[in-house]
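Quick notes on the structure that follows.
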């Protein structure tokens with residue numbers, strides 16, 4: 001019996017081991033099959049995603065001419081209507097009009113100069129590899145149609161939820177709030193950078209989509225008639241978030257009705273089963289016949305699907321409750337906090353929460369994302385530079401945006417008793433016939449806020465200053481930038497808060513950089529390619545609207561002398577200005593980096609900033625900065641083994657981190 005029991009145990013163990021072995025084999029087979037399917041899907045995706053010239057013509061709907069057969073299997077790196085980003089493997093699509101000339105006076109000439117692979121144009125072109133397609137004026141331009149078709153093809157290869165944000169005011173800050181929510185949940189969301197919201201940016205971002213992207217967030221701007229519609233047809237959005245409809249860009253559209261129709265085309269051409277998130281407090285939005293399902297949000301209106309309650313200032317932000325309508329008609333009440341002043345930011349948080357819920361993100365993740373949002377760059381960014389307090393909100397402007405920003409400044413506490421709130425306001429552009437009246441309204445709005453001194457700059461801000469003066473405010477108008485800057489230098493004290501706000505075309509950020517040595521405006525211009533490069537002598541320069549910066553020293557002299565000015569045509573997005581002597585104000589990040597042959601550099605008066613790492617790893621033996629220097633960036637003089645004495649002016653406002661790291665002989669004077 002004992003032996004029989006032993007055999008029984010052995011048999012059970014053998015059976016168990018065999019069963020486990022079978023299970024392991026089945027699991028391995030299942031994993032192998034899964035991996036096989038994954039690799040097959042990846043291979044299929046790569047095949048569909050790889051655009052040869054022949055494939056591009058197929059998906060764009062254009063017939064490929066026989067004369068291009070020699071490059072039919074050449075893989076392109078992009079197709080674009082943006083002449084600034086062309087490479088030798090790009091297809092440039094040009095069909096005239098403002099969409100092709102926004103960033104250059106002669107887009108075709110730039111495409112030819114960059115030797116792109118192919119130019120498709122409705123304008124006769126002498127380029128060796130160009131395809132002329134005549135626009136017969138019967139409906140949509142065929143090149144524009146092909147551009148949309150090719151973009152939409154790539155978008156269709158991806159399962160990512162596409163979310164768009166548009167509006168006349170606040171679309172970038174709303175997008176950034178929503179981005180914080182998405183990043184609290186998704187590992188790698190695709191998000192449009194800054195306010196890159198043109199059809200150029202949409203096309204570029206679509207072409208950067210990858211299989212792993214779960215969600216793609218794109219800001220969309222209205223620049224000219226049908227520009228939003230073109231983006232909408234490329235994007236086929238699952239969700240569209242609308243902030244408001246004002247009068248920005250009305251000059252290009254001719255009427256507010258045409259502007260509204262184009263902006264809301266994001267839903268008209270979005271997914272039929274998609275969602276439109278609309279601001280309940282905007283009459284134009286609420287009266288529009290949306291084809292998609294609508295979700296409403298509001299700051300305080302309790303008729304909306306989402307709104308805020310119990311808003312209370314807490315330090316430099318707000319505590320509040322988000323009320324979210326439930327299926328039974330009640331409301332969930334979720335506590336939230338946002339770390340920025342201005343109640344319009346609470347509205348942005350409510351909108352972001354509504355989108356987060358539609359994406360089925362957990363409430364605690366959404367709230368954490370909202371709390372993690374901090375403004376940066378030139379958007380409602382309160383920064384301290386030396387003893388000064390600057391409120392940078394100067395990327396764009398409108399009547400509503402000015403009101404919102406001044407409301408935020410109303411709530412800011414002055415650094416010291418006796419300080420003032422100074423508002424530097426520049427023109428709001430692209431208003432057409434309503435410009436004078438809008439600027440007069442801006443003056444009246446400014447007078448209703450806690451502004452001690454209004455400094456107006458541009459052309460039409462004179463009307464705002466007239467209205468503010470009539471209302472009893474201290475208001476001064478300047479049409480000359482240098483006079484404005486002198487006035488600010490004379491007026492500003494460490495006790496004050498100073499706001500900079502204007503339409504981007506006014507470039508008030510350049511004034512901010514020049515006065516305080518900040519790097520915000522130049523970084524933005526470089527990021528948006530709002531410059532061109534020019535080589536003169538031994539230097540390569542960035543040429544901006546009002547100044548130049550050293551990009552790279554090209555010479556071999558161990559003791560180079562940086563010029564104080566360069567004769568150049570200022571960069572402009574509107575019209576071609578005449579050449580002038582532009583001041584050289586900054587030393588760029590790569591200007592002298594790693595140049596061991598450089599022993600000394602003579603910098604002229606007028607240099608206001610040395611950017612991060614500008615002299616890192618160079619052969620400097622000593623360094624002396626001019627008295628005009630206001631700031632020096634991180635690691636600017638790091639890794640310089642022979643560097644001895646370093647002279648910086650006592651008036652410098654900002655010093656970066658690790659300026660002299662690994663420069664063992666350096667002595668800061």
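Checking the condition surrounded by fewer than 18 Cβ atoms within 10 Å (Cβ to Cβ) and part of a strand (DSSP E or B), which residue from 309, 257 passes? Walk me through how you get there before you give the answer.
Values: 257 fails: part of a strand (DSSP E or B).
Going through 309, 257 in turn, the sole match is 309.
Residue check: residue 205 meets all listed conditions (1) in contact (Cβ under 8 Å) with a residue 24 or more places away in the chain; (2) crowded, with 18+ Cβ neighbours inside 10 Å; (3) over 22 Å from residue 325 (Cα atoms) but one, namely (1). Only residues that are surrounded by 18 or more Cβ atoms within 10 Å (Cβ to Cβ) and either on the phi > 0 side of the Ramachandran plot or at pLDDT 95 or above (or both) were counted across segment 564-579, and they come to 1.
When segment 457-480 is examined, which residues are found to be within 28 Å of the chain's Cα centre (by Cα) and part of a helix (DSSP H, G or I)? Let's see the steps before the verdict.
Within segment 457-480, the first condition is being within 28 Å of the chain's Cα centre (by Cα), and the residues that meet it are 457-461.
Within segment 457-480, 461 is the sole residue that qualifies.
For segment 592-604, the criterion of being more than 29 Å from residue 664 (Cα to Cα) and either in the same structural domain as residue 630 (by TED's automatic domain parsing) or under 26 Å from the mean Cα position of the chain (by Cα) (or both) is satisfied by no residue at all.
Between 334, 361, 322, 366, which is surrounded by 15 or more Cβ atoms within 10 Å (Cβ to Cβ) and part of a helix (DSSP H, G or I)? Don't jump to the end; show me each part of the working.
On the way: 334 fails: part of a helix (DSSP H, G or I); 361 fails: part of a helix (DSSP H, G or I); 322 fails: part of a helix (DSSP H, G or I).
When all the criteria are applied, what remains is 366.
Please verify whether residue 520 is modelled with pLDDT of 95 or more and touching a strand residue (DSSP E or B) at 6+ places or on another chain (Cβ under 9 Å), treating the condition exactly as stated. In short, no.
Residue-by-condition table, conditions (1) surrounded by fewer than 18 Cβ atoms within 10 Å (Cβ to Cβ); (2) under 22 Å from the mean Cα position of the chain (by Cα):
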site	(1), (2)
401	no, yes
404	no, yes
411	yes, no
447	no, no
452	yes, no
482	yes, no
494	yes, no
501	no, yes
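When you look at residue 78, is it within 24 Å of residue 209 (Cα to Cα) and loosely packed, with under 11 Cβ neighbours inside 10 Å, yes or no? Criteria not met by residue 78.
Given the residues 211, 155, 187, which is the only one that is in contact with a helix residue (DSSP H, G or I) (Cβ under 7 Å, 6 or more places away or on another chain), assigned to a loop (DSSP other than H, G, I, E, B) and closer than 24 Å to residue 49 by Cα? Steps first, answer last, please.
Working: 155 fails: assigned to a loop (DSSP other than H, G, I, E, B); 187 fails: in contact with a helix residue (DSSP H, G or I) (Cβ under 7 Å, 6 or more places away or on another chain).
So the residue among 211, 155, 187 that is in contact with a helix residue (DSSP H, G or I) (Cβ under 7 Å, 6 or more places away or on another chain), assigned to a loop (DSSP other than H, G, I, E, B) and closer than 24 Å to residue 49 by Cα is 211.
In the set (1) outside the structural domain of residue 412 (by TED's automatic domain parsing); (2) out of contact with any strand residue (DSSP E or B) (no Cβ under 7 Å at 6 or more places or on another chain); (3) within 28 Å of residue 400 (Cα to Cα), the condition left unmet by residue 485 is number (1).
The values are calculated or read from the model by the stated rules, or taken from the named source; none is laboratory data. What you are looking at is a predicted structure, and each value in this text was computed from that prediction instead of being measured. As a convention, Cβ positions derive from the backbone with ideal geometry for all residues, glycine included, and neighbour counts pool all protein chains shown.
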